[in-house]
1. Return yes when residue 325 is in contact (Cβ under 8 Å) with a residue 24 or more places away in the chain, touching a Leu at 6+ places or on another chain (Cβ under 7 Å) and of a type in the set (Asp, Glu) and no when it is not.
2. Which of the residues that make up the range 1-50 are surrounded by 15 or more Cβ atoms within 10 Å (Cβ to Cβ), closer than 15 Å to residue 142 by Cα and more than 13 Å from ligand 1 (Cβ to nearest atom)?
3. Anything in the range 74-109 that is among the hydrophobic types (A, V, I, L, M, F, W, C) and assigned to a loop (DSSP other than H, G, I, E, B)? List them, or say none.
4. Across the range 110-142, what is the total count of residues that are of a type outside the set (Phe, Trp, Tyr), more than 12 Å from ligand 2 (Cβ to nearest atom) and either open to solvent by 10 Å² or more (accessible area, probe 1.4 Å) or in a loop (DSSP other than H, G, I, E, B) (or both)?
5. Would you confirm whether or not the range 59-80 contains a residue that is within 13 Å of ligand 1 (Cβ to nearest atom), surrounded by fewer than 19 Cβ atoms within 10 Å (Cβ to Cβ) and free of Cβ contacts under 8 Å to residues at least 60 places away in the same chain?
6. Go through the residues of the range 260-269 one by one and say whether even a single one is buried (at least 21 other Cβ atoms within 10 Å of the Cβ) and touching a residue at least 12 places away in the same chain (Cβ under 8 Å).
Amino acid sequence: MIGTDIHAAKLLLEAGEPVAIPTETVYGLAANAFNENAVLKIFLTKNRPVFDPLIVHTGSIEQITTLVTGMPETARCLAQQFMPGPLTLLLPKKDVIPDLVTSGLPHVAVRVPNHPLTLQLLSSLSFPLAAPSANPFGYVSPTTAQHVQDQLGEKIPYILDGGACNIGIESTIIGFDTMPPTVYRMGGISIEQIEAVIGKVLVQTHSSSNPRAAGMLKSHYAPRKKVIIGNIPQLLHRFSEENRRGEVGVLSFMHDYGCPKQVILSAEGNLNQAAGRLFAALRTLDSLPLSVILTEPVPDVFIGRAINDRLKRAAAGQTHTEDGEW
Ligand code: TXA
Ligand code: MG
């Protein structure tokens with residue numbers, strides 16, 4: 001069921017049930033982070049392997065400090081600058097966080113989502129919310145309540161509808177065990193924004209260099225259609241036969257390539273707008289009877305780097321790293 005009743009969401013969460021929640025990045029599938037049975041339901045609902053840890057969402061930086069044994073100065077600076085917002089910090093966990101949430105890792109991923117409904121919900125609860133993106137494991141993240149309904153609607157009792165997510169791409173994940181700190185997932189806060197606060201960071205978004213045991217999963221295929229990234233006019237030429245049959249979809253940054261099945265992410269070339277529309281566009285094209293989706297990289301700056309990362313993964317038929325989701 002989809003609705004805007006925060007109280008209904010609260011009661012379900014208190015009863016140990018999972019609830020889909022809006023955030024500024026993507027919709028999450030939330031449960032009481034202190035309740036292992038509730039957390040297990042998230043893994044089962046998403047069909048997610050238990051070795052892929054979850055992000056814990058709180059209503060404030062103060063609440064984060066109750067979940068971790070320490071916060072380095074760089075983490076504190078970033079928290080003050082970007083929370084609430086699309087930034088996730090990897091910090092050493094206290095015992096209150098069940099091992100299931102972190103897949104047995106000593107660090108917990110924590111963030112304060114910047115969405116008014118979810119912040120209100122969090123402030124009414126006596127526990128934080130563990131929440132991965134509310135998609136079946138291996139598919140594109142949902143950016144509307146309807147996306148969640150389409151794929152998981154029958155499996156979850158309530159979807160809190162907070163409208164379309166305005167960032168539209170997942171949070172940036174950063175860890176502090178290296179000097180300088182390492183960004184493990186590019187997302188809603190850009191590397192440029194982070195470096196303006198704490199100076200140079202390392203960027204390690206390739207699965208083999210993730211801090212966790214790699215190589216356990218074959219990559220899923222998502223979107224389910226073949227995605228090719230490159231020069232769109234050249235690709236249209238290469239796929240002219242398919243195009244004549246109406247089987248080609250185009251996902252462009254700002255240009256109109258005259259293809260009837262085309263989504264333009266931002267006609268004015270605005271990267272933030274493009275990020276906000278990316279996942280919905282992939283879903284739309286994926287739902288059409290196409291044999292191929294042609295796309296192109298966007299300028300590789302600011303949130304454009306996160307967009308290009310997702311496009312490359314879509315083209316590789318992969319929505320998660322070998323050991324976890326995006
Ligand atoms: O924007 C977001 O971060 C969204 C919204 C719902 O908050 N959440 C999200 O969660 O994207 P999920 O589970 O789809 O992706 C979380 C990523 C996974 O790649 C997971 O492996 C990684 O974060 N992660 C979580 N906890 C971790 C930990 N303790 N150490 C290393 N990586 C961790
Ligand atoms: Mg995910």
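1. Against the criterion (in contact (Cβ under 8 Å) with a residue 24 or more places away in the chain, touching a Leu at 6+ places or on another chain (Cβ under 7 Å) and of a type in the set (Asp, Glu)), residue 325 does not qualify.
2. Result: no residue meets the conditions.
3. 83, 96, 97, 105
4. Residues that pass the stated criteria total 13.
5. Within the range 59-80, not a single residue is within 13 Å of ligand 1 (Cβ to nearest atom), surrounded by fewer than 19 Cβ atoms within 10 Å (Cβ to Cβ) and free of Cβ contacts under 8 Å to residues at least 60 places away in the same chain.
6. Within the range 260-269, the subset buried (at least 21 other Cβ atoms within 10 Å of the Cβ) is 265.
Imposing the further condition that a residue be touching a residue at least 12 places away in the same chain (Cβ under 8 Å) reduces the set to 265.
There is at least one residue in the range 260-269 that is buried (at least 21 other Cβ atoms within 10 Å of the Cβ) and touching a residue at least 12 places away in the same chain (Cβ under 8 Å).
The values are calculated or read from the model by the stated rules, or taken from the named source; none is laboratory data. Keep in mind it's a predicted model, so treat the numbers as computed, not measured. As a convention, Cβ positions derive from the backbone with ideal geometry for all residues, glycine included, and neighbour counts pool all protein chains shown. We work out accessible area using only protein heavy atoms, side chains counted, and drop any ligands, DNA or RNA first. Shrake-Rupley method; radii C 1.70, N 1.55, O 1.52, S 1.80 Å.
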